[in-house]
Structures are given as structure tokens and as C-alpha cells.
Amino acid sequence: MPGLPLLTAHNVATNHLSWDDLRIVKALSDSGSRTSAADALGWNVSTLSRRIARLERTLGIKIFTHRRTGYTLTQAGQALRALGDRIELDIVSVARQIGSSSHEPVGSLRITTSDSLLLHFLTPIVAAFRTSHAAIQIEILVGNDSLNLARGESDVALRATKTPPDTLIGRRLATIAWAPYGRRADFPHKTPSNERLYDQVWVSYAGRLSGLRAVAYVDMRVAPQSILYRADSVAAVHTAISAGMGMGFLPCMLGDSTPGLVRMGPTEPELDDELWLLTHPDIRMSPPVQRFMHFCSEAVRGQKSLIEGHRPASIA
């Protein structure tokens with residue numbers, strides 16, 4: 001690029017500069033908007049902003065100028081973008097050479113997720129993945145606690161969260177909608193009106209899940225003596241609702257796909273969560289990790305309307 005310094009991997013602080021840094025520069029310079037760039041990268045806006053600020057401090061340069069029309073590159077930023085473009089071309093070239101001669105990936109893949117995501121959503125995806133990748137062994141680790149992917153406790157995490165760890169990379173797959181559910185057999189003719197909805201018997205969450213927004217939402221509307229069951233597992237609450245123990249909030253992807261359950265009211269946007277597929281930067285180029293993350297992302301794309309509550313299942 002005429003008039004700009006030629007940046008190479010040797011005249012920048014390479015011990016602090018990563019490929020993700022260059023992707024950030026590219027994404028924000030392409031869109032001019034932090035929100036659009038964060039969506040393209042599958043990150044939160046706050047994470048994107050912190051990474052840009054940290055990169056500018058590390059390199060000691062101003063990369064972007066913020067104007068009313070959006071973010072534009074400074075002269076130093078343009079040189080950094082040019083470096084990223086050159087490296088990207090090299091990566092694509094090498095990937096094509098490897099891909100043309102590689103065989104079906106082998107090895108193991110450890111996936112961590114919650115019980116509800118595994119039993120009613122992820123298991124069919126894993127089964128389909130195994131059909132086309134028979135040489136990859138799958139190990140599932142179930143729990144609501146965040147495992148340390150950096151220490152090798154897991155390779156890939158599928159999580160419902162709005163605050164994925166900054167140390168992990170990945171993509172936001174969908175918004176998870178929540179709605180109140182009950183057993184159809186208990187309301188054979190019609191569901192309770194909005195005025196009577198919170199006069200019913202309810203179930204809710206406790207323990208490690210007491211921080212769910214659904215807990216406070218129910219506690220503010222239902223008398224304490226009418227909440228007769230609590231559990232620290234979405235799967236357990238789902239089972240309780242299916243057993244007729246009361247009404248409760250569930251992710252639509254779970255409630256709408258369960259025979260015998262019916263929505264008792266509309267989705268509640270303030271309870272929305274996000275579905276994230278995450279891995280650690282050190283292992284993101286592992287063939288099993290790459291294959292699964294791509295496969296899972298495509299599978300979720302086909303079920304996005306169910307996850308976001310736009311397509312309630314027809315329940316007999």
C-alpha cells in the first residue's frame with residue numbers, strides 16, 4: 001500500500017500479537033461498527049472493546065479513529081490491516097495444501113455441556129457427527145460449572161451464557177428463549193389466563209442455578225408457598241414439570257420439543273440467554289475440534305427458530 005510502512009512479523013511485538021488481534025482489526029475496519037464486528041467474530045461488544053484497547057496499549061499505536069460515521073483505520077492501523085491480509089493469504093494457502101492431502105481426522109474429542117443441553121439437544125448432533133467421523137472418539141463431561149479448557153479438562157464447551165470467558169474463543173450460535181410450561185394433561189381445555197397464571201403451583205431453580213433470571217422473575221410473581229419444588233438442574237425441573245409437579249420456566253428448545261408439555265404463556269425476552277460454542281485458542285486448529293465446531297454450528301443453524309422460540313412444536 002503506497003505511503004504506508006510495511007509491517008512484518010519481525011518489526012511488531014509478535015510475542016504479544018496474535019492472529020485474533022489481526023482478525024479484530026479486519027472485522028472492525030470492514031464494518032466500522034463495534035456491534036457488527038462483534039457479531040461477525042461471535043464475541044460480546046465489551047470483549048471486542050477490551051481487546052482493541054489492549055492491542056493499542058501493547059503496540060503503542062492508535063489503530064482506529066472513532067468518528068460519527070463509525071470506526072476508521074489510522075495510518076498505523078492500515079499497515080496492521082495489510083499485515084493481517086498477507087498472513088491470512090498464507091494461512092489459506094497452507095490450509096489448502098494440508099487439506100488436499102489430509103485423511104479423515106482421528107483422535108478424541110472431549111465436550112463439556114449442561115445436562116439439559118446434552119440430553120435433549122446435543123446428543124442427536126453428536127450422533128450425526130459420529131456417523132460422518134467414525135474415527136473420532138467422543139467423551140462427554142456434564143456439569144453446569146465452567147471447566148478450564150486451558151488445562152485440558154475439555155476441548156469444546158457448549159454453554160448457555162451471556163458472559164463467555166475472555167480466555168476462550170468461539171461463536172454465539174443463537175439466542176435461547178425461555179417461556180413458562182405446564183403439562184397439557186393438567187389443562188386439557190385451555191391454559192390459565194395471564195391474570196391467573198402465577199396463582200398456580202410452580203417449580204423453580206435453586207443452588208448453582210439460583211442466579212438464573214427465571215428465579216427472580218418467578219419469585220416476584222408467585223407466592224412463596226406456591227413454589228413447591230426447586231432443583232439445581234434444568235433437566236430436573238423439566239422432569240418435575242413433565243411429572244405434573246407444577247408449572248415452570250424452561251428454554252423453548254427443551255419445552256417445545258417435549259411431548260405432553262405446552263406453553264402457558266409467551267416467551268419472556270428479559271430471560272433470554274445465549275448459546276455459545278467455545279474452545280481454547282491453543283487447540284482451535286486441532287482437526288477434531290475444527291470439524292466438530294463447524295458441524296455443530298451448521299446443525300444449530302437448522303434449529304435456530306426452535307432455540308429462539310419462533311417455532312413451538314406441535315404437541316399432541
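What the table below lists for this structure:
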| quantity | calculated |
| --- | --- |
| Förster radius 22 Å - calculated FRET efficiency between D282 and K62, Cβ distance, rounded to 0.05 | 0.15 |
| Value at 222 nm in deg cm²/dmol, rounded to 500, when DSSP H runs of n ≥ 4 in the chain each add -39,500 (n - 2.57) | -11000 deg cm²/dmol |
| Cα-projected label distance for I87 with S36, points at 7 Å along beta-carbon direction, nm | 2.4 nm |
| log₁₀ of I(q)/I(0) at q = 0.13 Å⁻¹ - segment 244-316, Debye sum with one point per alpha carbon | -0.53 |
| Assigned charges on the beta-carbon of Lys, Arg, Asp, Glu; segment 214-275 dipole about Cα centre (debye) | 360 debye |
| Compactness relative to 2.2 N^0.38 Å, alpha carbon Rg of segment 110-230 | 1.36 |
| Value in Å of the Kirkwood radius, where the chain supplies the Cα pairs that are averaged | 22.2 Å |
| Peptide ranges 133-139, 80-86 listed from the most packed, as the mean C-beta count within 10 angstrom indicates | 80-86, 133-139 |
| Set of lysines with alpha-carbon distance to K304 below 24 Å, sequence-local pairs under 8 removed | K162 |
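Rule-based calculations on the coordinates, nothing more; no lab input. The structure presented is a predicted model; accordingly, all values stated were derived computationally and were not measured. Quick reminder, even Gly has a Cβ in these numbers, built from the backbone with ideal geometry, and neighbours come from all protein chains shown.
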